[in-house]
Structures are given as structure tokens and as C-alpha cells.
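Worksheet: one structure, shown below.
The values are calculated or read from the model by the stated rules, or taken from the named source; none is laboratory data. Since the model is a prediction, treat every value here as computed from it, not as a measurement. Positions of Cβ are backbone-derived with ideal geometry, glycine not excepted, and every protein chain shown enters the neighbour counts. Accessible surface areas use protein heavy atoms only, side chains included; no ligands, DNA or RNA. Shrake-Rupley method; radii C 1.70, N 1.55, O 1.52, S 1.80 Å.
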Amino acid sequence: MSCILHPANPSLAVPFNRWPVAGTSPLFLQLLRGEVVSIAAGLRHALAATASGIVFQWGTGLASSGRRLCPGQTLPLFLTAKEPSRVPGLENSKAICVVAGSDHSASLAGEQCSLHKESHIETGKVFTWGRADYGQLGRKLESEEGWRPEKQGSPLPCSRPWESTPSSLHCLTGATEISCGSEHNLAVIGGACYSWGWNEHGMCGDGSEANVQAPKPVQALQSSPGLLVGCGAGHSLALCQLPALPSPDASEDAKSQEATDKATGRKDNQDHLPKANLTGAEMGDL
């Protein structure tokens, strides 16, 4: 699959030959080298992962936030690029999926191995980067020294540029699915659904409206293993496997067997009742 960019908005990307707007002619073709296996669109930025596991990012969504929160500081190239720019910090991993929120991003990485001529994904790792004021990165920053408000009294945080480098979440090792909302996320590990980030509307599913700073299991889905997850701006979805229900035929067979067991039980009880020894006089009265 190849990617093309929207001529009016370079932060938007769609698969080649699947342009959604009739009569629109793409201006750029094949800007990403290699086969593209995953793409994602945030609020004003986009991501792509190639078959070789490299992650590219472009668009100005994160750059505008960075300039507003950290005036005068130099931002990493991939935060300001209007064309695909390689994301640093992922050189030792192979990305197989990318997702994007409003002002943060994540990728799912795994190692490929060959077993009996089949390809398998092992040890999925989740990397996050970008804005972190709602806990949407799922981790504490390495240092708070680089954090300072834009102006005195401002509640908005500011981080040093290198703290925007992707970092892995060890608690999500083994993840098979991830999804980003505007400021919250979901992941699936061994069928268990985990959530973290902005929770004002309860989209983390923990029964509260308090932001979730680190990934934790969604208790309401414990008995229903998750298969796929999706995040909106202020809501979440999960496709789960429900317990198998007995078929109508099986139910009828169970009822028939139960009736048979009861009848057999009654007969056995009668066979085991003590027999009366009647005397001659008593028999004459019958």
C-alpha cells in the first residue's frame, strides 16, 4: 500500500487509488519510500509505518502546540515537517502499527520471526510521544526540570524538545491492539483492555471522571476478552468475545436427559423399597 497526501492539507494521507473526494487530483505521489503498512491521522498531524518498521510523521499540529508552550525553543524536525519525516527514538524496534490523537501519538512495535515458514509477531511494545498533561502518554517524564509554564500563573506545561522522543511503556509489553482518542488511549493485552489519559467524560471506563495517569485494566470488561478497540474524541468502543450460549438443540437434549434421569431415579427408589411380609390373615383381608 502506498500513500498520497491531500493537496490542500499535507497532514492528511490516504492509500493510493482510494482518494475519497471526487474530482480531486493528488499533487504528491510516493512520498514515503517502501511499502506502507499502517497510517493514522491526528487533529493536525499524521503518521505512517513502513513494512521495514520505520515510522514517519508530518503535519504542524504538534509544532503549533510546542511553539505556543515553549516559545524560542527549537523543536525536533518531525514535529514541524510538512512532508514525512522519520521519527527518532525507534531505531531499535520495528513498528507494525501507528495511531494518533489530538496532540500525541503512539506506535506498536514487534519482532518478526519465522516458524514453520509462517510469520509471527512476538513481544509487542508500545511507544508514546507528544503532549502529556492529561496522562495520555501513560508514563512520568524522566525529569521535571525542563517543565515550566509559558508565563507565570499559566497551567499549561512545557517540556524540553528531547522529551518528545518516543519512549516505551513496559506495562503494555505484549499488546496486540492500540487506539488513540483526542487525549486518551486503549490497548489490548492478552484479551484484557487497558485505558489511560483524559477521562472527563468517562471514556477510560473506570467509573470515574478522573484522568488516568498510567494504563490500567478496564474492570467492566474483565469477563469479556477484548478483540478490537477504538477511541473517539470523548468516547470509546471495544469489540469483545461474549461467552458462548447453548444451542436450542442442546437445551432440549439437556431437558430430555434431565427427565430421563428423574424417571430412572424414581424406578431405582421403588426397586430399593423394603417389601412387606404379609401374613395369611392379612392376605385374606385383601
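Picking from residues in segment 181-226 that are part of a strand (DSSP E or B) and touching a helix residue (DSSP H, G or I) at 6+ places or on another chain (Cβ under 8 Å), the one that is nearest to Leu141 (Cα to Cα) is Ala214. The set of residues in segment 89-103 that are without any contact (Cβ under 8 Å) to a residue 60 or more places away in the chain and under 17 Å from the mean Cα position of the chain (by Cα) comprises Ala95, Ile96. Screening Leu115 against (1) modelled with pLDDT of 55 or more; (2) over 21 Å from Ala210 (Cα atoms); (3) open to solvent by 70 Å² or more (accessible area, probe 1.4 Å) leaves a single unmet condition, (1).
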